[in-house]
1. Would you check which residues across segment 275-290 are under 21 Å from Ala319 (Cα atoms) and open to solvent by less than 10 Å² (accessible area, probe 1.4 Å) and list them?
2. Restrict the check to segment 346-354 and report whether at least one residue is over 22 Å from Ser25 (Cα atoms) and part of a loop (DSSP other than H, G, I, E, B).
3. Yes or no: segment 265-274 includes at least one residue that is within 17 Å of the chain's Cα centre (by Cα) and either basic (Lys, Arg) or not in a loop (DSSP other than H, G, I, E, B) (or both).
4. Restricting to segment 347-388, give me the number of residues that are free of Cβ contacts under 8 Å to residues at least 40 places away in the same chain, more than 19 Å from Ala246 (Cβ to Cβ) and open to solvent by 20 Å² or more (accessible area, probe 1.4 Å).
5. Any residue at all in segment 372-384 that is over 19 Å from the mean Cα position of the chain (by Cα), modelled with pLDDT of 95 or more, part of a strand (DSSP E or B) and among the β-branched types (Val, Ile, Thr)?
6. Which residue, of Asn23, Asn37, is in contact (Cβ under 8 Å) with a residue 40 or more places away in the chain, open to solvent by 30 Å² or more (accessible area, probe 1.4 Å), in contact with a helix residue (DSSP H, G or I) (Cβ under 6 Å, 6 or more places away or on another chain) and not in a strand (DSSP E or B)?
7. Taking into account only those residues within segment 249-264 that are in a loop (DSSP other than H, G, I, E, B) and open to solvent by less than 10 Å² (accessible area, probe 1.4 Å), which is farthest from Leu44 (Cα to Cα)?
8. Can you report the number of residues in segment 286-321 which are among the hydroxyl-bearing types (Ser, Thr, Tyr) and in a helix (DSSP H, G or I)?
Amino acid sequence: MDYLKIQNVTSLEGTINISGAKNASLPLIAMSILAKNSVHIKNLPQVVDIRTLLKLLSNLGATCEFQEDRVVVNTTNLHETKATYDIVKTMRASILVLGPILARFGHCEVSLPGGCAIGQRPIDLHLKALEQMGAKIDIKAGYIEATTPKGLHGCEIIFDKVTVTGTANIIMAAALAKGVTTITNAAREPEVVQLCEVLNASGVKINGIATAILEIHGTDGKLLDIEEFSIIPDRIEAGTYLCAGAITKSELTLTNVEPKHLGAVISKLEEMGSSFTMTQNTITIHPSQEIKPVKIVTQEYPAFPTDMQAQFLALATQADGVSIIEERLFENRFMHVSELQRMGANITLNGHTATVSGKTKLCGTDVMATDLRASSALVLAALVATQETNVHRIYHLDRGYDSLETKLRNVGANIQRLKE
């Protein structure tokens, strides 16, 4: 098993190229199930979750030609409709194949995704919406068994709460359904927007893109002709490296980035003292030498993202004063706190709120990554900690960050990947 060995750096300097967004790639790869042609996808990140989903599609009968940051997915000979537990258990996003398989074949078996380290992520909203569209669903022996006796049909769906994967799943199911499907309280994340844009360009008329009310005009079972497209930049990866610049008080430039996707993150970094120079696809952070405390509440896009909470919590340990960070989306997303405390952080938890008292001197030690974003928080803390930090269980990190240690090393970080 790999781990990262990290030593304190006085400063970082240089340019980091941002990879494609993992959270955009996954639904777009699943969308290839709806295609009648080979789907060419560019700017894919080199992360484990992508390879897991491609393996799942291969098991269903697809061919996937993956080379560097490109993949060609051909699902024309798809013959299997069962997504088995052995793959789904490793990545909850595998549930994204449920909607497109059911829409295309009229039946499927998809393993329930099981538990998640950061909290409950129930799929009841997915299943309720599919039943409204005409699906018959049974849960047997840990599998969702779904059929559509009369096919899927458009209807009005109102999500009780915003669900990103639920919105994506129903958009894909509605793409091949008969009639018009309206989704109210739809997720507005950039990754969902890109899914809508690609489907819209492929013959599925979608009104209300980037709003909370989507209107999807289905093709009544007609498969789609999907042209080549490129994955949007990863806003969470970009936000993580902006935090690296802020915590080390270093000027860094990010390229291949979409500044408008980072509005809430940039706003909070400005509150903490940083300033920015931006072009259409670059961001340069000019960090403050005195980091100010901040108050953060995680909410759905376009508000502050839960996927940046851990990184800002690490940054807040170096602020001059008390920061308050409230996690409203996941009930168990403060597992990194105990590891940061082992490094000397002064953090108090009260339910879903963390109070961070800074500035504290962090000291490197052996720490354990508990989830994807917690991993990056520990890396950020290690950059400014005295003595050496070893971050273990970085397979979490590899699920969502493309070559993190290489990118940081290229701007001056003292970081190595080693074997246990």
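1. Ile285
2. Scanning segment 346-354, I find at least one residue that is over 22 Å from Ser25 (Cα atoms) and part of a loop (DSSP other than H, G, I, E, B), so the answer is yes.
3. Yes, segment 265-274 contains a residue that is within 17 Å of the chain's Cα centre (by Cα) and either basic (Lys, Arg) or not in a loop (DSSP other than H, G, I, E, B) (or both).
4. 11
5. Scanning segment 372-384 turns up no residue that is over 19 Å from the mean Cα position of the chain (by Cα), modelled with pLDDT of 95 or more, part of a strand (DSSP E or B) and among the β-branched types (Val, Ile, Thr).
6. Asn23
7. Ser250
8. 1
The values are calculated or read from the model by the stated rules, or taken from the named source; none is laboratory data. All values reported here derive from a predicted model rather than from experimental measurement. Here the Cβ is made from the backbone with ideal geometry for all residues, glycine too, and neighbour counts use every protein chain on show. Calculation scope for accessible area: heavy atoms of the full protein, side chains included, ligands and nucleic acids excluded. Shrake-Rupley method; radii C 1.70, N 1.55, O 1.52, S 1.80 Å.
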